[in-house]
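For reference, the structure discussed in these notes is given below.
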Protein chains: 2
Amino acid sequence: MSSNNPDRVYTAGLVVIGDEILSGRTHDKNIAQVASWLQVQGIRLAEVRVVPDVEAKIIEAVNALRSANDYLFTTGGIGPTHDDITVDAVAQTLGVDVIVHPTARAILEKYYAEKGGLTEARLRMARVPDGAELIPNRMSGAPGIRIGNIHLMAGVPHITAGMLDALTGTLEGGMPLKNETIGCWTAESEVADILRKAEQAHEKCQIGSYPFFREGKVGANFVVRSTDAEELANCVHTLCEALAEAGHSFTPGGI
Amino acid sequence: MSSNNPDRVYTAGLVVIGDEILSGRTHDKNIAQVASWLQVQGIRLAEVRVVPDVEAKIIEAVNALRSANDYLFTTGGIGPTHDDITVDAVAQTLGVDVIVHPTARAILEKYYAEKGGLTEARLRMARVPDGAELIPNRMSGAPGIRIGNIHLMAGVPHITAGMLDALTGTLEGGMPLKNETIGCWTAESEVADILRKAEQAHEKCQIGSYPFFREGKVGANFVVRSTDAEELANCVHTLCEALAEAGHSFTPGGI
């Protein structure tokens, strides 16, 4: 997976597993968390799929996103209960057996030593696809799992955060996508032309426009993104000059 | 799409469109909002895909989810700026032209009459795939779009909320999935067996387990779901009896 090409873009897919997200009961926090973490690693989140606790659906999504991207992450479904089927689904995707990982078993034995011991349900959290490594979990014992380019993480956001921490700096990435934000108390429809022309003039940059309605007024933040710091600065300069010329005041850093 | 089968399950897919979600800049609120609204309509959200502002990616996701489900919803990318390409992508998916919808144009002309008039950028928001109807937007003028089983909605959550309101009661659904929650100050790993057996004893029910860590203690909410009210009550009864028998106190309604 190593590369000497500085322009190589690394991508990741994310599969969020859980009926509770699709029912609206739980508001997902992992998409934004994984997305922000990946940015810092120089890896772009290219696609997310949210699927129910149904083996065939998990397999389909994992298969599609692991082959289309450098890395695949999943959140959810690695706990001790009957609806936690991510390990089985991934093992089946890869055509390998599910085994009890000796280190995971030892971690759980220690973690539950004074909490009633390692029951059959708790031992489920030591099950991994054959050939997997563990991702440390300093929050609650049960580790995350890494096999090939697939990373299985918890559904509970603060546990996922700990697992991401453990992975920091271990995945090869590319140049991180830098960004600068310009805020404007102007309807985006008034400056659409300016945005389009600024983007066209700087082909290494993308400009996103994010409208808002606050304090009784409309406005928008314009986010310029690029892996090239110089081109990013140039594009921001072009955009600010054009806004000023058209009589729109703006706030560097965003509103 | 009508059906006399009371057990017919209606499903929907959701495509969330926007670089800002994949970069972690914006925390998505539309997944939970659309999911909760669909529940009330008797429609299950079967899958969500989050894709960037890239035409090929939008087309791929729209095509996959519109054929796999009764309904497809999209959020994002229907504004006035250059990065708003959802209408073009959907028109291309369906093999139809993009036209200016006369009613949408009239709505926007009125809305912008005292706000500088209908510029070229604003007119972009009247563009629809040929053959589409409009979904009213009482928040900000620019309407949502419905064509076949596809519903294009705004990215800004409160505007999407207004569009969902306008659609309430217009889509055929099935029996809504009812649910009851039982909370327990117990690690889910201690009751995993009880949950599995209660679910097995009531095949029309699913039980989800959602652990939490609060006030220094672990606990979990168990959500029993079924379209059959009687079976739901029976399953909750089985679960509560088994919890009581094993010495776990529990809170009906959840913690």
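Read the figures in this text as sums done on the coordinates, not as results from a lab. The structure presented is a predicted model; accordingly, all values stated were derived computationally and were not measured. Here the Cβ is made from the backbone with ideal geometry for all residues, glycine too, and neighbour counts use every protein chain on show.
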Enumerate by residue number the chymotrypsin sites (Phe, Trp or Tyr not before Pro) in segment B:154-222 meeting two conditions: DSSP loop (anything except H, G, I, E, B), and at most 16 other Cβ atoms within 10 Å of the site's Cβ.
B:W185
Using the count of nearby Cβ atoms within 10 Å as a rough guide to exposure, how do B:I85, B:I78 rank from fewest to most?
B:I85, B:I78
Could you list the GluC sites (Glu not before Pro) in segment A:106-170 that lie in coil according to DSSP, counting only those with at most 14 other Cβ atoms within 10 Å of their Cβ?
A:E114
Gyration tensor verdict on chain B (Cα atoms; rounded if a/c is under 1.5, prolate if a/b is larger than b/c, oblate otherwise):
prolate
Mind listing the lone cysteines of the protein assembly as shown, meaning no other Cys beta-carbon sits under 4.7 Å from theirs?
A:C184, A:C240, B:C184, B:C240
By the scheme Lys and Arg +1, Asp and Glu -1, what is the net charge of all other residues having a beta-carbon under 10 Å from that of B:A187?
+1
Average Cα contact separation per residue, chain A, under 8 Å, 6 or more apart, as relative contact order %
17 percent
What is the Rg over Rh value, at two decimals, for segment A:178-252, using alpha-carbon atoms and the Kirkwood definition of Rh?
0.96
DSSP-loop trypsin sites (Lys or Arg not before Pro) across segment B:57-153, with at most 12 other Cβ within 10 angstrom:
B:R138
Calculate how steeply helix A:102-111 sits against the longest principal axis of the alpha-carbon atoms of chain A, using the helix alpha-carbon long axis, and give the answer as 0 to 90 degrees to the nearest 10.
90 degrees
Contact order relative to length of segment A:178-252, as percent, for alpha carbon pairs under 8 angstrom and 6 or more apart:
43 percent
Rounded to the nearest 500, the 222 nm mean residue ellipticity computed for chain B from DSSP H runs (n ≥ 4, each -39500 (n - 2.57)) alone is -10500 deg cm²/dmol
How high is the relative contact order of segment A:122-240? Use alpha-carbon pairs under 8 Å, at least six apart in sequence, and give a whole percent.
20 percent
Cβ-Cβ cut-off under 13 Å around B:Y111, Lys and Arg +1, Asp and Glu -1: the net charge is +3
Report the local net charge at A:G247: Lys and Arg +1, Asp and Glu -1, summed over other residues whose C-beta lies under 13 Å from its C-beta.
-3
Centre separation in Å (Cα based) which lies between segment B:113-175 and segment A:192-255:
26 Å
For chain B, what is the charge dipole size about the Cα centre, in debye to the nearest 20, if Lys and Arg each add +1 at the Cβ and Asp and Glu each add -1 at the Cβ?
540 debye
Calculated P(r) of the protein assembly as shown - Cα pairs past 30 Å, %:
52 percent
